[in-house]
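First comes the structure, then the notes that go with it.
Each value in this text was obtained by applying a stated rule to the coordinates, not by laboratory testing. Fair warning: this is a prediction, and the values are worked out from it, not measured in the lab. Neighbour counts are summed over all protein chains in view; Cβ atoms, including those assigned to glycine, are modelled from backbone coordinates with ideal geometry.
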């Protein structure tokens, strides 16, 4: 497979571990192994006794049972674990799509959701959303985009990078459209349970539709990116079986310590999610005030869910140049929207980490200094 460079990761490779102030991270506040094990009496002793042999390729039964707690109609045999969400995305496209298939992808998006399909030889239609429309999904555009060779619809909600959360009726209509045409529905739900208002939490797509493949991961809502544990949940026995067979050529199985720690975290998922929602709420209040103070420089829409937002740049400079100037002069890292193949003037900010107040101070100091220079 010949695949284009991953723009986001190449950008992060230049700056992520050099810039002192990250204002574009997609994940929530992490924790130490000690903090995680302290959530459960006896967990530390069990971790010390963890056997370091191979794990089950499809994921340990205890872990898959814990994952089913996130869904209404999913059983352990309908879950398949992966090394992070990235592997699951890679396997989905390679196992279930063929050259010449047509895929419709909710955009702007994480590049994997379009680039892997393109590399396979699929035809990709970008289901483009726009800041002027509050990033709303256009269902008429979806209907017009379907072709005889359309095989799958790809959606992401809560959405990275915009923080958009679709309405329940929109989700139901997408399912109706997918079912009418016999399409796969790949639903990236890695920010599920990170809604500002819990009543905005949508049903998992796999609970609504028999041919949906729902994506989850420990990295975002739970802030445990270092565990590298993701999964898919689907009621389609064919989709799961084909993905499981393809996984034999990627990681084969997960890390035993990561599976154990993920199991502990999922047993305490509500507490961890509540902690991270509280962090995002407090940080969003600060971002509201920051962008209100600089309304002449940026457009801003407060996200309803997730831990990322996608403000727009009003300055007469490219968004790439602005982000590079910001990190070079202030050490504050922003992510240009071009990393999402977005042609707009937006950039991603992340608000899931506790140090955002300190980072914002440096960002606003940079903006003040920039105004003086102008």
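Modelling each spin label as a point 7 Å along the Cα-to-Cβ direction, I'd like the residue 180/residue 278 distance in nm, to one decimal.
4.6 nm
Cβ neighbours within 10 Å, averaged per peptide: list 187-194, 41-48 in order, most packed at the top.
Per-residue Cβ counts within 10 Å, averaged per peptide and sorted highest first, yield 187-194, 41-48.
Give me the base-10 log of I(q)/I(0) for the range 52-269 at each q in 0.09 Å⁻¹, Debye formula, one uniform scatterer per Cα, rounded to two decimals.
Results for the range 52-269 at q = 0.09 Å⁻¹ read -0.33.
Test of understanding: what is the full-extension gain from residue 242 to residue 325, defined as 0.36 nm times their sequence separation minus their Cα-Cα distance?
25.3 nm
Rounded to the nearest 5, what % of DSSP beta bridges with both residues in the range 52-269 are antiparallel?
30 percent
How much length is gained on full extension from residue 147 to residue 75, taking 0.36 nm per residue of separation minus their Cα-Cα distance?
22.6 nm
Per DSSP H run of at least 4 residues, take -39500 (n - 2.57); add these up for the chain, divide by its residues and hand me the 222 nm value, nearest 500 deg cm²/dmol. The partial results should precede the final answer.
Numbers: 14 runs with 153 residues, N = 374.
It lands at -12500 deg cm²/dmol.
With contacts defined as alpha carbon pairs under 8 Å and 6 or more residues apart, what's the relative contact order of the chain in percent?
On the way: 696 pairs, mean separation 94.1, N = 374.
Relative contact order here is 25 percent.
Any chance you could run the full-extension gain for residue 368 through residue 138? It's 0.36 nm times the residue separation minus the Cα-Cα distance, nm to one decimal.
Numbers: separation 230, 0.36 × 230 = 82.80 nm, distance 3.87 nm.
Separation in residues times 0.36 nm, less the Cα-Cα distance, equals 78.9 nm.
If a paramagnetic tag sat 7 Å from the Cα of residue 173 along the Cα-Cβ line, which residues of the range 110-129 would have the backbone N under 15 Å from that point?
Residues passing the 15 Å test: 128-129.
So for the pair residue 2, residue 50, with labels modelled 7 Å out along Cα→Cβ, what separation do we get in nm?
4.1 nm
If you build a Gaussian network model of the chain, linking Cα atoms that sit under 10 Å apart, which residue out of 34, 172, 274 swings the most?
34
Under a plain spin-label model, where a point goes 7 Å from the Cα along Cα-to-Cβ, how far apart in nm are residue 199 and residue 98?
A separation of 4.8 nm, rounded to one decimal place.
Once you've got the GNM for the chain with C-alpha springs shorter than 10 Å, pick whichever of 166, 31, 243 has the biggest mean-square fluctuation.
Judging by the Gaussian network model, the answer is 31.
Pull up the DSSP beta bridges for the chain and report the antiparallel fraction as a percent, rounded to 5.
About 45 percent, rounded to the nearest 5.
Using a Gaussian network model on the chain with a 10 Å cutoff between Cα atoms, which of 67, 104, 252 fluctuates the most?
252
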